[in-house]
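Accompanying notes for the structure given below.
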Amino acid sequence: MSGRPDTEARRRHDELSRTIRDARYRYYVLSEPPMTDAAFDAALRELEELERAHPALVSAGSPTRQVGAPVDVAFAPVTHPTPMLSLDNAFDRAEVEAWAERVRRGLGSDDPVRYTCERKIDGVAVDLVYRDGVLERAATRGDGTTGEDVTAQALTIADVPYRLAVADPPALLEVRGEVHLPLAAFDRMNAERIEAGEAAFMNPRNAASGALRQKDPAATAARPLALWVHGLGAVEGVTFAGHSEALRWLADAGLPVPPETTTVDGVAAVWAEIERATAERHELAYETDGVVVKVDDRAQQERLGWTSRAPRWAIAYKMPPVEQQTRLLGIEVNVGRTGKVAPFAVLEPVLVAGTTITHATLHNELQVHAKDVRVGDTVVVRRAGDVIPEVVGPVLSARPRGTRRWRMPATCPFCGQPLVRPEGEAHHLCENVDCPNRLLESVTHLASRGALDIEGLGEQTVELLVERGLVGDLADLFRLEGRREELLALDGFQQRRVDNLLAGIDAARTRPLDRFLVAFNIRHLGPTYARALARAFGELGPLAAADTDALEAVDGIGPVIAASVRSWFDNPRNVQLVADLAALGVAPRAEAGPAGAGDGAGTDPTLLEGLTVVVTGTLEGFTRDEARAALEARGAKVAGSVSGRTDYLVAGAAPGSKVGRAEQLGVPVLDESGLLALLASGPDGGAA
Ligand code: IVH
């Protein structure tokens, strides 16, 4: 490539400059980023490369020479005591090492350098000026030189001290940090917004930015914002030899410093720290998108100095993005085993945090409308940790002309029956019990691990058996033994596969009664109460004959479950099924075993009185509702989010951000056996 820009290079330079300026304005001023961070970084990189190849394209106004965005006129402009610059980025180990090499050369010494590694907090940068220990002003970054005065708003944040907790405060202390919204608060806020039919926030940072830049500080106060500080600007009256020393001082002065910060020697240790931080990123209560590595020694920092936009003594390693953009190719619906209709997004395949995403649930029509995603849109897809992928929202600036609001189809795509949405419920239902997709889902369910756990009966086999009319209900499974020849005639079904399948089904004959109850797919009846019923009635016959009074006499069974069980056994199809099973010699019995939660004879309704418990993640022996019911039956209060008032967090599989929050607050975290102990013996059991 020549140094002289051709027309194409100029055109591309113009285009990228416009895109980046616009993105910065929308990000910093409007709190509505038009693109993901990764797309922004890529655009900026391309621009930098263009300018390196064609230096004639560089001007003072180029976005590569600027930080942030112009300030909004609505907030009073303030000039920062020292400019708030940006950080250079590194995207892999080689780039981190190349930076460390530049540091080594800049210092002119081969001694190992000491580095402080901090989480890069995905929040809103703020500048806090303390004069004589009292907060004088809080400002956003703005264009780096001039920010917006948000003192009144910042003072509503519990983490922002009005006065420093030091005996002899320095004359001037300019502190830098990130205002952010903890993940739990973000999830709660978005759930409430969707419920109210409002647009959800794209991510915690946008929500935090929007909250901080509320003109009415009371509106800021209504959002549970938090602060992490990570550095200093101008300082008079106190000196620090190292950055880590400064952070310790700030923490002692009452400013929140992230506990994950570490100080290490040499770049190999830095990389180990980066790997650890990346592996743990989703365990924190707040969102991080990288690691900021800083030369610790302040004299060395001074020697290394700054470029026009960033310090030479620091680098931001950027973790692989959890958000990506892709195209929404279609919205389709699935019908579950209970008839629930759930729309899902069909996406142009996109790699997000190491996994290729092609589909993402959209839950229900309400959510599709709240997010206003339309077929043809470019959408942001997010996958944080173990959480299932989700469509965050559309990139409105990229919306093609002629898109339409999505509507739930009037009829079921699998059986053609009209879909209905019961009054007050968010979900549509296909009420046809013979709907082929419901059938498919329910046979898959009854073969699953929590139900009859039938080996050799995976999703594909179920599909084939249902499609060929070999299986329509549970009893048909036990009839397959007599249809061996038909099975052998199926594509891909050799002798061995048929033998395995039939052996798997035969083994299921002797599964305990509670597993059959789960396989029956009775509304509201999860595994714990299925166990309670099985133990109380022993066999299928007496249970099928029990009236609602007899059912409610079982500990833990309330009127809702009782009515649901009764109505299931009253349904003529199920009467037939129960008779068919008996005729086929399938006679499940209750299993003798340790007392579960639902059948604790003589549950003490005061056992957990005064305790507040939060339940998160997936438990094996309980649904979330059952765990809640069991806790409440013993007098505990069950809350939705972890706070200082929480006594226990019960965490199942894939618990999300609540565990990090609990650990931060010192709230004990119980696993499922801890929950059982708590239910059986009260707080002493839980503590053990
Ligand atoms: S130090 C001279 N440390 O990331 C700038 N920044 O992309 C020194 N950020 O402007 C910044 N976490 O707003 C630093 N631990 C951390 C950070 C952090 C987040 C933000 C900060 C900065 C931006 C650069």
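The values are calculated or read from the model by the stated rules, or taken from the named source; none is laboratory data. Keep in mind the model is a prediction, meaning the values are calculated, not measured. Please note: Cβ atoms are built from the backbone with ideal geometry, for glycine as well, and neighbour counts cover all protein chains shown. To get the accessible areas, we keep the full protein, side chains included, count just its heavy atoms, and leave off ligands, DNA and RNA. Shrake-Rupley method; radii C 1.70, N 1.55, O 1.52, S 1.80 Å.
With Cα atoms as the point set, the radius of gyration and Dmax of the stretch 78-143 evaluate to 16.6, 44 Å. Looking at the stretch 8-62, none of the trypsin sites (Lys or Arg not before Pro) sits in a DSSP loop with at most 10 other Cβ atoms within 10 Å of its own Cβ. Working note: Karplus 6.51/-1.76/1.60 with θ = phi - 60° gives the stretch 394-411 the couplings x, 8, 4, 5, 9, 5, x, 5, x, 6, 10, 4, 7, 10, 4, x, 6, 10 Hz, where Gly and Pro are set to x. Here's how it looks for E136: its modeled amide H is under 5 Å from those of V129, Y130, R131, which are all 5 or more places away or on a different chain. Working note: Debye formula, equal point scatterers on the alpha-carbon atoms of the stretch 338-395, no solvent; log10 I(q)/I(0) at q = 0.31 Å⁻¹ is -1.41.
For the stretch 398-450, the square roots a ≥ b ≥ c of the C-alpha gyration tensor eigenvalues yield an a/c of 1.5 or more together with a/b exceeding b/c, which makes the shape prolate.
Based on alpha-carbon atoms, the Kirkwood radius and the radius of gyration of the stretch 204-324 give Rg/Rh equal to 0.99. Compactness of the chain was expressed as the Cα radius of gyration divided by 2.2 N^0.38 Å, which yields 1.15. Left without a cysteine partner by the 4.7 Å Cβ rule in the chain: C117.
Within the assembled protein chains, the solvent-accessible surface assigned to R497 is about 90 Å², based on a 1.4 Å probe. Pairwise Cα separations in the stretch 435-530 fall into 10 Å bins from 0 onward with the following percentages, short to long: 16, 51, 27, 5, 0. P(r) for the stretch 1-149, from all Cα pairs and a bin width of 5 Å, is 2, 8, 13, 16, 16, 16, 14, 9, 4, 1, 0, 0 %, short bins first. By the Kirkwood approach, averaging reciprocal distances over each pair of separate Cα atoms, the stretch 297-429 gets a hydrodynamic radius of 17.5 Å. From the largest down, the stretch 502-563 spans 39, 20, 15 angstrom on the principal axes of its Cα atoms. The residues of the chain present an accessible area of 46 Å² per residue when probed at 1.4 Å with all protein chains retained. For the stretch 354-465, the pair-distance distribution built from all alpha carbon pairs, in bins 10 Å wide starting at 0, is 12, 28, 35, 22, 4, 0 percent.
More than 15 Å apart: what percent of Cα pairs in the stretch 162-247 qualify?
Of all Cα-Cα pairs in the stretch 162-247, 68 percent lie more than 15 Å apart.
Full extension of the chain segment joining R4 with A234 gains 78.6 nm, where the gain is 0.36 nm per residue of separation less the Cα-Cα distance.
With a ≥ b ≥ c taken as the square roots of the eigenvalues of the C-alpha gyration tensor of the stretch 9-48, please select rounded if a/c is under 1.5 and otherwise prolate if a/b is larger than b/c or oblate if it is not?
oblate
Projected label points at S308 and R21, each 7 Å from Cα along the beta carbon direction, are separated by 1.5 nanometres.
Considering helices alone, the calculated mean residue ellipticity of the chain at 222 nm is -10500 deg cm²/dmol, with DSSP H runs of length four and up weighted by -39500 (n - 2.57) and normalised per residue.
Convex hull volume of the Cα atoms of the stretch 192-235, normalised per residue: 112 Å³.
Annotation note: chymotrypsin sites (Phe, Trp or Tyr not before Pro) in the stretch 145-231 located in DSSP loop regions with a Cβ neighbour count of at most 12 within 10 Å are Y162. Among K120/K637; K371/K637; K215/K294; K120/K658; K215/K637, which pairs are too far apart, with a Cα-Cα distance over 27 Å? With Cα atoms farther than 27 Å apart: K120/K637; K371/K637; K215/K294; K215/K637.
Value of Rg to Rh for the stretch 282-350, rounded to two decimals, is 1.34; Kirkwood radius and Rg both from alpha-carbon coordinates. Between R479 and R566, the distance separating the two model label sites (each 7 Å from Cα on the Cα→Cβ line) works out to 3.2 nm. With a Förster radius of 41 Å applied to the beta-carbon distance between A219 and A398, the computed FRET efficiency rounds to 0.85.
For R65, project a label point 7 Å along Cα to C-beta. Then give me every residue of the stretch 286-325 with its amide nitrogen under 20 Å of that point. It comes to 306-312, nothing else. Distance from the Cα centroid of the stretch 534-590 to that of the stretch 226-247 is 68 Å (rounded to whole angstrom). Proximity of backbone amide H atoms, modeled 1.01 Å from N, is registered between I357 and V350, L351, V352 at under 5 Å, excluding neighbours fewer than 5 places apart on the same chain.
Between the alpha-carbon centres of the stretch 272-293 and the stretch 391-453 there is a gap of 37 Å. Judged by the ratio a/c of the largest to the smallest principal axis of the C-alpha gyration tensor, the stretch 428-470 counts as oblate, that ratio being 1.5 or greater while a/b is no larger than b/c. Based on alpha carbons, the Rg and Dmax found for the stretch 65-198 are 19.0, 61 Å.
Viscosity 1.002 mPa s, temperature 20 °C: Stokes-Einstein D of the stretch 479-586 from its Kirkwood Cα radius, in µm² per second? Diffusion coefficient, whole number: 139 µm²/s.
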